[in-house]
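Below: the structure, in structure tokens.
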Amino acid sequence: MEERILEIDGSRGEGGGQMVRTSVAMATVTGVTTHLTRIRENRPTNGLSKQHCAAVEAVAQMTGSAVEGNTIGSRELTFRPGHEQVYDVNMNIGTAGSVSLVLQAMLLAARNHRQRLNIDISGGTNVMWAPPIDSYQHLLFPLLKKMDIDADVKIISRGFYPQGGGRVIATMNSIKTIKPLDIEDLGELKKIKGVCFSQRLPDWKTDEIIQGCEKALGDRPVEFDVQRTEGDSRGAGIVLVAEYENGMLGSNTLTTRGQTAEKAGEDAAMDLLREMESGATMDVHTADQVLPYMAMAESKSRFSVSRISRHLLSQMDTLESFLDVKFGVERKDDVYQFTVTPGENNEAVYPR
């Protein structure tokens, strides 16, 4: 019998590493051999980076999968999913490769694991162009909890660009049926909380970040958790989460050279305010991370975003290649309302 191979054009849509991570994870979930071509063709640096290779390697390691082309710079990758279930995984990405993005692929690939997954992973915990690990703790994982997905992460040490050196311990309990996430309305605002962190920097850095944040938020009170640590790398930033009755919105920023710490805090606060005032029920960066779980839920999910990112469009495109799922998008008032309707036979796709 001829092997079924799903072809994925890695240059489509957003055309970045997310398509690679989602594809190898969903190949594992569905048991379909997947062939990716033209990987990151439209990016300044084509092909797989060290971070992408680490994600592919990690998913292969935890599932006993076979991979061809998983080398730095490769523009083509073949992933043949295995049937093993490894529950304890150690991974060192090296330098400041994003821990969060590698975890993104690993946790999604654990959809069929029958026991608790334990991950010890080192790399960059707070780096540009990637979700800070704090947003998983305080935003993504609480939302997944509403879907009966129980994941947790503990920060052992922080890693910033370029040295990295961060380490986290992540866990995910075996997933049974995934509940839909239906957030048509956020309800009343319960609180705004902020995690303000710095490493190997003077205390006034976090003080100024908080000052900038409070200045922009005005009379809205914030519960701040200030974390000052020591480690191999240095950096600072903040993660903000607005917690409502029915959902959450988030924003984050890192300090950079040429920008004051106060401006970093102000930027994070302004980003959050824009989301809060838009009428959206999920911030645009969280939406594309939750979408794959919605696509595998037992019934329809609903949410709205203030804008549609290329990452979100790419996620939809990739998920439709693997699953029987329908996405609906409607512009209403100042937001885009999404519906995610899994097919009736999707449960049969997941070999348990």
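Name the chymotrypsin sites (Phe, Trp or Tyr not before Pro) in the range 96-164 that are in a loop by DSSP and that have at most 10 other C-beta atoms within 10 Å, would you?
Of the chymotrypsin sites (Phe, Trp or Tyr not before Pro), the ones in loops of the range 96-164 whose Cβ has at most 10 other Cβ atoms within 10 Å are Trp129.
What net charge do the residues around Gly328 carry, taking every other residue with its C-beta under 13 Å from that of Gly328, with Lys and Arg at +1 and Asp and Glu at -1? Result for the neighbourhood of Gly328: +3. Taking 20 Å as the straight-line reach from the Cα of Lys193, the lysines in range (excluding those fewer than 8 positions away in the same chain) are Lys145, Lys146, Lys154, Lys205, Lys215, Lys263.
Taking GluC sites (Glu not before Pro) in DSSP loop conformation with at most 12 other Cβ atoms inside 10 Å as exposed sites, the chain has its longest uninterrupted site-free stretch at 85-183. When the scattering of the range 106-198 is computed by the Debye formula from its Cα atoms alone, each counted once and equally, what is log10 I(q)/I(0) at q = 0.11, 0.16, 0.17 Å⁻¹? Each listed q corresponds, in turn, to -0.39, -0.78, -0.86. In units of the compact-protein estimate 2.2 N^0.38 Å, the chain shows a Cα radius of gyration of 0.96. A cut-off under 12 angstrom between Cβ atoms defines the neighbours of Gly194, and their net charge, with Lys, Arg +1 and Asp, Glu -1, is -2. One equal scatterer on each Cα of the range 26-100, no solvent, Debye formula: the resulting log10 I(q)/I(0) at q = 0.21 Å⁻¹ is -0.97. What helices does the chain hold that run 18 Å or longer along their axis, going by alpha-carbon atoms, with a Kyte-Doolittle average of -1.0 or more, using DSSP H for the helix calls? For the chain, where a helix must reach 18 Å along its axis and average at least -1.0, the hits are 17-30, 50-63, 204-217, 261-278, 310-322.
Test of the criteria: in the range 73-152, which trypsin sites (Lys or Arg not before Pro) are in a DSSP loop and have at most 14 other Cβ atoms within 10 angstrom of their Cβ?
Working: sites: Arg75, Arg111, Arg114, Arg116, Lys145, Lys146; in loops: Arg75, Arg114, Arg116, Lys146.
The qualifying sites are Arg114, Arg116.
Under 5 Å from the amide H of Asp150 lie the amide H atoms of Asn173, each residue being 5 or more positions distant or on a separate chain, with H modelled from the backbone and absent for Pro and chain starts.
Along the range 137-154 the Karplus relation, 6.51 cos²θ - 1.76 cosθ + 1.60 evaluated at θ = phi - 60°, assigns HN-Hα couplings of 4, 10, 9, 5, 5, x, 5, 5, 4, 5, 9, 6, 10, 9, 10, 8, 9, 10 Hz to successive residues, with x for each Gly and Pro. Expressed in Å, the radius of gyration and Dmax of the Cα atoms of the range 183-311 are 16.0, 50.
Each value in this text was obtained by applying a stated rule to the coordinates, not by laboratory testing. Just so you know, these numbers come straight off a predicted model, no measurement behind them. Note that each Cβ is placed from the backbone with ideal geometry, even for glycine, and that neighbours are counted across all protein chains shown.
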